[in-house]
Structures are given as C-alpha cells and as structure tokens.
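The values are calculated or read from the model by the stated rules, or taken from the named source; none is laboratory data. Predicted model, so just to flag it, every value in this text is computed and none were measured. Please note: Cβ atoms are built from the backbone with ideal geometry, for glycine as well, and neighbour counts cover all protein chains shown. In case anyone asks, the SASA skips ligands and DNA or RNA and just uses the protein heavy atoms, side chains included. Shrake-Rupley method; radii C 1.70, N 1.55, O 1.52, S 1.80 Å.
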Amino acid sequence: MNIFEIHKISWGWFEVCFTPHGEKQGFLTNSDYLQCDAPALFLDALANLSENKSREEWLCWQDEPGAYVLHIGSEGANILVGIYYSKKDSLDLPYSGAELAEDLDELVYSQVFKIHDLLDDVLTEFSLYENGNGLRLYNAHWGDFPQKEYHRLRQCAASFDKTLGKYDKMFCFSY
C-alpha cells in the first residue's frame, strides 16, 4: 500500500499526501512565499525520529493564509502522523517546534504507520526528484533539492532491519 506521495510541485507550491489511495487522505501544502523549506524540514524530522534524537516533531506547512501543522511522533516501531489546521496566519507561526501545538484548531488527519513502511515510501518519492528531469522540475518549481537531509534519511533507513525495526543490510533496498 502506498502511504506517502509527493502529489505536486508547481510554481512555488509543494504538496504531499499521506495514504493517497485510502479512504481518508492527509494532504499538506506548503507555499514558498515565506521561504520555508518544509520538505527539507520533514526529511530532517524523520531522520531525528529514526535516530532517536527526538520522540516527536512539529512542522508548519504554510498555506495561504492559514497553515497546516504536521505532528509526527515515534511509538516503538511505529510513527504517528497527525495533521492539524491552524487559522493563525502562517506568517505568525514558527517553521518547526513544539510551540506549534499551541495554535491548533482542528485535527484533520491521523494515522499510525510502521516506520520502515513510511521511510520506504518517503525515500522512494524523493528519489524521483534526486537527479535528471525530476531534479530539474524540483529546482525550477520549488528550490534546491534537500540533498543533505535526503542522504541523512537514507543512511537512517539503511540501518533498519525490517523484521525487527532495522534493515538487514543483506536484504536492504538500494537507497
């Protein structure tokens, strides 16, 4: 089952979807008008959770005029994904941090995923934009591809064995 997809990158807008083919979808849209690189922050947050540097991450996805706040938290081998709507203007919200939890108006999506399934889908989706025409599209319509964050998350994923929450290097997907 596909649990994450980059839905659209177009003229300063970046849109992703969780469970795009499920009964309930969780869309996040980010505008580049405040220069917030939400995709890079998202990859970095997943790496922090994977490396046990944090147990939860809060990220602002800046819509115009409101904002969506992505909450991701680790629960053992699972990741909880929550998407909240905030009526507060994204101009008045930080790009990331726990203080984002104070300005939430409505939970619009919540789902629990196996960490390795989510990492597989996120890395697969971003790999489509790592080079070639995908990279040209990414750079032209969004900005620089988050190579450092992407590479860090790939390293985290390579250390997981899928049966025990960590990849077995012998049977690991090539990232």
- For Lys114, which aspartates and glutamates qualify as cross-link partners when the Cα separation must be under 20 Å and same-chain residues fewer than eight apart are set aside? Glu5, Glu23, Asp44, Glu51, Glu56, Glu57, Glu75, Glu125, Asp161, Asp168
- Task: Sort out for me the Cα centre separation of region 33-58 from region 71-109, rounded to whole Å.
- Result: 12 Å
- Query: For the chain, modelled as a Gaussian network with Cα springs under 10 Å, which listed residue fluctuates most, Gly97, Gly22, Gly82?
  - Reply: Gly22
- With a Förster distance of 25 angstrom and the Cβ-Cβ distance between His151 and Phe27, calculated FRET efficiency to the nearest 0.05 equals 0.40
- Normalised by the residues of region 23-125, what does the relative contact order come to in percent, with Cα pairs under 8 Å and at least six apart? 25 percent
- Query: Too long at a 28 Å Cα-Cα cut-off: which of Lys53/Lys87; Lys24/Lys88; Lys8/Lys148; Lys24/Lys53?
  - Reply: Lys53/Lys87; Lys24/Lys53
- Residue separation times 0.36 nm, minus the C-alpha to C-alpha distance between Leu107 and Glu130: what's the value? 5.1 nm
- Remind me, relative contact order of the chain in percent, using alpha carbon pairs under 8 angstrom and six or more residues apart? 20 percent
- Item | the chain - percent of accessible surface contributed by carbon and sulfur, probe 1.4 Å | 50 percent
- Item | Hz values of 3J(HN,Hα) by residue in region 98-104 - Karplus curve (6.51, -1.76, 1.60), Gly and Pro given as x | 5, 5, 4, 5, 7, 10, 9
- Message: So with the 1.4 Å probe, I'd like the accessible area per residue for the chain, rounded to whole Å².
- Response: 50 Å²
